[in-house]
Amino acid sequence: MRKRAAVESVAEAYLELLAARGIPYLLGNAGTDFAPIIEAYARRAAQGQVAPRPITVPHEIPAVAMAHGYAMVTGRPLAVMVHVIVGTANALGGLINAARAHVPMLFTAGRTPITEHGLPGARDRHIHWAQEAFDQGAVLREFVKWEYELRRGVHLETVVDRALALAAAEPAGPVALTLPREVLAERLTEVEYFDPPRLTPPAAPQAPAAAVQRAAEWLVAARAPLVIAKALGRDPAAVGPLVELAEALALPVVEPYATHVNFPQRHPLHLGYDATPFLDEADLLVVVEADVPWFPRLAGPRPEARVIQVGHDPLFARYPIRGFAADLALAGAPGPTLAALAATVRALVPDPAVVAARRRRWEAEHARQRAQWEARGRRAATERPIDMAWLSRCVGALVDERTIVVNEYDLDPTQVAFDAPGTYFGSPPSAALGWGLGAALGARLAAPDRTVICCVGDGSYIFGVPLAAHWVARAWQLPVLVVVFNNRAWNAVKRAVQSHAPEGWAVRTGTMPLSDLDPAPDYALVCRACGGWAERVEDPEALPGRLAEALRVVREERRQALLDVVCRKP
């Protein structure tokens, strides 16, 4: 049916339409282009209309990361608005993260007025000349699913509905909309729109039955099949079908560089986070929503091993080059595809003796791995400076199914166990640093009844614009626990050098320029400056107690907390 609402401008009609489409928040980093939006918000507030709730985020990096965090928990997009071309440039890393992580988002930016006089919204500030770009959308066009500029208010419903439908269509991702100030300031007296909308995302396709049958036959015939999963848990409902498939054939499941919980990590068929030890033996690999299942330069399966790739986009069409084999690509929603595969496998009646022997072997390997990991964590308990394995183990002791952990790099997955989908989120594959703090705030916004723990390296913490992030946590009552793994270095850079030239000058001399973060700032002061509880921890024996106290502050006092944990420097 058609609905009507009285408005005064296109900006107000835009807010009305976002509210009608279920967008609960607009995350804003404002500039002079926002004037019509702010005026529209003021009028709506005077009338008791609060949706979409405006949330000020004083930097684009945490703003986009917050929208990312909200969507990764709920599966639904938020609206983000930044200031013209300069805000778009600041936001680009976060948009790349959202694109590669398949996170839906409505990203909007104002546009410097194009008229010098004669229209409401025309240029009236000195920046309005220098901030104009010939093609503002070009800055981000490669990394969004759709990019458009709103040219007239009459197109508003079509443009917004198309943007939201495309963002949600699988594989999901960000869309971008540019909003010129003159268009936002255009006078209207009424907006009319369909409710519910007439433009909706398509249902995700499923892999063809013939392809599923072929994959099932390969699996039943395989001597040493292996499953590699990375981002299947983006859809929590898809984890169960993978468990069914694994149990039907006693398939070992490995999660290298996991961004989600893809398989219960205490399950006896879960074999850790490194596929390398199993690649030589595997004669069939099922790669599930994993862009990089192994590093071909360092290791890979045997040439004769077959590879089945499963995912919404199993060939990762948006990656310029990716050469991993796909002898069979099952394109479609992974959950239904895996469920169909499990059912087809069971119908083929695999040899129970083969399955039982395989199960015994992998359950024993699972137990061996866990014993080794536990022993390593215990050995690290007294090491000074604090070992990251011990810190990870202590964080893991706090985790339950009501906890969400957001990890930007340093949490050791062997020391923590996540079984429930939606309880762990790791860095996006593009790894534009600074994602963790904002993503944790977005997760907290999405799940106010859950505890959110953000684990970040000190370098990632700096990139996350911590003063802006902690300010948002205080201003909008989003208490999270931030654990800084402070090793005073960009260790990823050091490891890259060691891999590139293991016997080179940098390794032999210990000279690693551009990777050192000494002298370390007092990170606790940043959190305290925004009303948070914060401490620096150097004693490994004190660590469990200080983490417990920080968590108490978050849960009971509903204040943000930070632990700056001084770890061994690599």
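Here are some notes:
- Lysines whose Cα lies under 27 Å from that of Lys494, excluding same-chain neighbours fewer than 8 positions away: Lys230, Lys569
- Summarising the label geometry, the points placed 7 Å from Cα in the beta-carbon direction at Asp280 and Asp522 lie 5.3 nm from one another.
- Reciprocal mean inverse distance between Cα atoms of the chain - Kirkwood radius, Å: 25.3
- Mean-position separation - Cα centroids, the range 259-299 and the range 500-570, in angstrom: 30
- Helical runs (DSSP H, four residues minimum) scored at -39500 (n - 2.57) apiece and divided by the length of the chain put the mean residue ellipticity at 222 nm at -11500 deg cm²/dmol.
- Within-10-Å neighbourhood charge of Leu478 [Cβ basis; K, R +1; D, E -1]: +3
- Simple label model, 7 Å out from Cα along Cβ direction - Glu549 to Glu142, nm: 4.9
- Relative to the longest principal axis of the Cα atoms of the chain, the long axis of helix 60-74 lies at roughly 60 degrees.
- Mean-position separation - Cα centroids, the range 410-473 and the range 182-220, in angstrom: 29
- Full extension of the segment from Ala371 to Tyr273, taken as 0.36 nm per residue of separation minus the current Cα-Cα distance, would add 33.8 nm.
- Two-site label geometry, Ala353 and Ala210: point separation in nm, points 7 Å out along Cα→Cβ: 3.6
- With K and R counted +1 and D and E -1, the other residues having a Cβ less than 12 Å from that of Ala238 yield a net charge of -3.
- Charge dipole (debye, nearest 20) of the chain; +1 at Cβ of Lys and Arg, -1 at Cβ of Asp and Glu: 420
- Across the chain, the mean sequence separation of Cα contacts (distance under 8 Å, 6 or more residues apart), normalised by length, yields a relative contact order of 14 percent.
- The share of Cα pairs per 5 Å bin across the range 97-210, counted from zero up to the longest distance, runs 2, 11, 17, 18, 17, 14, 10, 6, 2, 1, 1, 1, 0 percent.
- The chain: angle of helix 334-347 to the longest principal axis, Cα-based, in degrees nearest 10: 30
- Along the axis of the charge dipole computed for the chain (Cβ charges of +1 for Lys and Arg, -1 for Asp and Glu, origin at the Cα centre), the listed residues Gly75, Ala138, Ile96 are led at the positive end by Gly75.
- Extents of the range 185-259, largest first, come to 70, 31, 18 Å (Cα atoms, principal axes, whole angstrom).
- Assigned charges on the beta-carbon of Lys, Arg, Asp, Glu; the range 167-269 dipole about Cα centre (debye): 440
- Taking Phe34, Phe295 and counting other C-beta atoms within 10 Å, the order from fewest to most: Phe295, Phe34
- Angle in degrees between helix 209-221 and the longest Cα principal axis of the chain, rounded to the nearest 10: 30
Readers should treat all values here as calculations from the given coordinates under stated rules, not as data from a laboratory. A quick note: this is a predicted structure, and the numbers were derived from the prediction, not measured. All Cβ positions, even for glycine, are placed from backbone atoms using ideal geometry, and neighbour counts span all protein chains on display.
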